[in-house]
Amino acid sequence: MPNTPLTPGLAAGRLPPEAYAHNFDDLEPVLDAHEAHVAADRCYFCHDAPCITACPTSIDIPLFIRQIATGTPEAAAKTIWDQNILGGMCARVCPTEQLCEEACVREAAEGKPVEIGRLQRFATDRVMGKGVHPYSRAANTGKRVAVVGAGPAGLACAHRLAMKGHDVVLMDRRDKPGGLNEYGIASYKAPHDFAQAEVEWLLKIGGIDLRLGVELGRDVTLDSLRAEYDAVFLGIGLGGVNALRAAGEDVKGVRDAVDFIAELRQQPDKAKLPIGRDVVVIGGGMTAVDAAVQSRLLGAQNVTIVYRRGQEKMSASRHEQDHAQQVGVRIVCNAAPVEVIGQNGAVTAVVFAYTEDGPEGLKLLADTFTLKADQVFKAIGQTLVAPEGMGGPKLATQPMAGVWTGGDCAAGGEDLTVTAVAEGRDAAEAIHASFGG
């Protein structure tokens, strides 16, 4: 008998093939030309537009929407990329409902903002689909910069430096570039290998030497990079995952949600991925939501997100929470794990204590409840695994002369692609200025 959502334990192939194809296809397909014109016509083209202020990369949103409305999407894409070279991915994964679209005056007046994210995707996809890269390098400056980490921050930094005429060596410890975009987001948000297509498009600027399988602290040291290059940018992300601090969390079936999401994104045949019948996800951010939703899309029968504080304090946007609930994910708040129960070395349940979030912090209450679980995902935040000689929970904005940082590893990292892009871009400008540019 084939597996179904009712099959106990971890099992692959719970759904028919057509269900996997549907579940992991584009969540929101790109607008066609007519739809884009209709959506663009809703924009008021505000002076001092609040949507620009709300965008971490400060894209001139009214301008690019006007360019779409006037039939010049190529110009619109250039307006977007001038500020955010990963505008295609950000159009797919940005929490626009918390950023530009939340600030839209149409949202305030009517409860329905201009569809800024979908319009951004329309413009960038249209130009990328033609294989056009609208930037060229300045005259070579003779300066060489090492960019460590080929995630959003590193890619943005590398492109801007290359555009300024500097030679860039872009290193990453994995066997694919892209960082968070390639390994860390839900598959249905950026299907059809878009992350790699965007990297290939970005590298058309030239002047960027991509070296994969190179890890800071193992293959190169910060001191050697500082000696060899005129500047160094670190965009190494966060390598560690916080522990549950609950008894029994080391039993089989308990794993990090970030590893699950990465494995899922790298598996072309989703039917081959085993998933539990009863899945519990612990955490309240985007990683928790992505893990929970995709567990359902893989055929898990019961999926529950458990968060230690109130739902209003979940860092995942309300839009993402609503989407999770729409696909059948249950969200339980004000509860924290106290024990993972295992049988024959594998997880069978998780015991939670109710919590009270007061002026003195979070307090565990005496009342408990138990959730059946044959798979548990930890999504309670990541920590920096600093290379040797670079301690501390976060790297400083500029820890030493000639070294810049950006993205999640930097002070104040927000776990957003768009913020990482802004920090990488701005670091490139600072590096260029330090060269006398």
Original post:
Among 180, 222, which is the only one that is under 20 Å from residue 89 (Cα atoms) and surrounded by 17 or more Cβ atoms within 10 Å (Cβ to Cβ)?
Top reply: 180
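Would you call residue 109 closer than 30 Å to residue 317 by Cβ and out of contact with any helix residue (DSSP H, G or I) (no Cβ under 6 Å at 6 or more places or on another chain)? Write out each step before concluding.
On the way: closer than 30 Å to residue 317 by Cβ: yes; out of contact with any helix residue (DSSP H, G or I) (no Cβ under 6 Å at 6 or more places or on another chain): yes.
The answer is yes for residue 109.
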Original post:
List pairs: first in the range 110-129 and in contact (Cβ under 8 Å) with a residue 40 or more places away in the chain and open to solvent by less than 10 Å² (accessible area, probe 1.4 Å), second hydroxyl-bearing (Ser, Thr, Tyr) and not in a helix (DSSP H, G or I), Cβ under 9 Å, 6+ apart or cross-chain?
Top reply: 114/44; 116/96
**OP:** Can you work out which of the residues in the range 338-381 that are closer than 15 Å to residue 283 by Cα and not in a strand (DSSP E or B) is most open to solvent (accessible area, probe 1.4 Å)?
**Re:** 380
Original post:
For the range 120-136, does any single residue satisfy the condition of being in contact with a Pro (Cβ under 7 Å, 6 or more places away or on another chain) and of a type in the set (Phe, Trp, Tyr)?
Top reply: yes
**OP:** Give the residue, chosen from 95, 29, that is at pLDDT below 95 and out of contact with any helix residue (DSSP H, G or I) (no Cβ under 9 Å at 6 or more places or on another chain).
**Re:** 29
**OP:** Residues being surrounded by fewer than 19 Cβ atoms within 10 Å (Cβ to Cβ) and either in contact with a Ser or Thr (Cβ under 8 Å, 6 or more places away or on another chain) or not in a helix (DSSP H, G or I) (or both): count how many of those fall in the range 321-337.
**Re:** 5
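Restricting attention to the range 101-119, which residues are in a helix (DSSP H, G or I) and farther than 22 Å from residue 26 by Cα?
Filtering the range 101-119 for residues in a helix (DSSP H, G or I) gives 101-103, 105-110, 116-119.
Correct list: 102, 103, 105, 106, 107, 108, 109, 110.
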Original post:
Counting just the residues of the range 382-409 that are open to solvent by 60 Å² or more (accessible area, probe 1.4 Å) and farther than 20 Å from residue 433 by Cα, which one comes out modelled with the highest pLDDT?
Top reply: 382
**OP:** Would you confirm whether any residue within the range 197-211 is open to solvent by 50 Å² or more (accessible area, probe 1.4 Å) and under 19 Å from the mean Cα position of the chain (by Cα)?
**Re:** yes
**OP:** Look through 277, 308, 318 and report the one residue that is of a type in the set (D, E, K, R), at pLDDT below 95 and open to solvent by 30 Å² or more (accessible area, probe 1.4 Å).
**Re:** 318
Original post:
Any residue at all in the range 256-267 that is farther than 25 Å from residue 195 by Cα and in a loop (DSSP other than H, G, I, E, B)?
Top reply: no
Original post:
Does the range 229-239 contain any residue that is touching a residue at least 12 places away in the same chain (Cβ under 8 Å), closer than 17 Å to residue 170 by Cβ and open to solvent by 60 Å² or more (accessible area, probe 1.4 Å)?
Top reply: yes
Original post:
Residues in the range 55-77: is at least one under 29 Å from residue 324 (Cα atoms) and open to solvent by 60 Å² or more (accessible area, probe 1.4 Å)?
Top reply: no
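Scan the range 315-370 for residues that are without any contact (Cβ under 8 Å) to a residue 12 or more places away in the chain and touching a strand residue (DSSP E or B) at 6+ places or on another chain (Cβ under 8 Å) and report the count. Walk me through it before giving the result.
Of all residues in the range 315-370, those without any contact (Cβ under 8 Å) to a residue 12 or more places away in the chain come to 322, 325-326, 343-344, 358-361, 363.
Checking which are touching a strand residue (DSSP E or B) at 6+ places or on another chain (Cβ under 8 Å) leaves us with 325, 363.
Looking only at that region, the number is 2.
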Subject >> Residue selected from the range 130-177 under the condition under 25 Å from the mean Cα position of the chain (by Cα) and on the phi > 0 side of the Ramachandran plot, by the criterion surrounded by the most Cβ atoms within 10 Å (Cβ to Cβ) >> reply: 149
**OP:** Any chance you could count how many residues in the range 1-26 are within 29 Å of residue 116 (Cα to Cα), of a type outside the set (Phe, Trp, Tyr) and surrounded by 15 or more Cβ atoms within 10 Å (Cβ to Cβ)?
**Re:** 1
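Is it the case, given these coordinates, that residue 24 is more than 30 Å from residue 255 (Cβ to Cβ) and not small (Gly, Ala, Ser)? Before the answer, list the steps.
Details: more than 30 Å from residue 255 (Cβ to Cβ): no; not small (Gly, Ala, Ser): yes.
So residue 24 does not fit the description; no.
The values are calculated or read from the model by the stated rules, or taken from the named source; none is laboratory data. No experiment lies behind these values; they were computed from the predicted model shown. Reconstructed Cβ throughout: ideal geometry from the backbone, glycine too, with neighbour counts over all protein chains shown. What goes into the accessible areas is simple: the full protein's heavy atoms, side chains included, and nothing from ligands, DNA or RNA. Shrake-Rupley method; radii C 1.70, N 1.55, O 1.52, S 1.80 Å.
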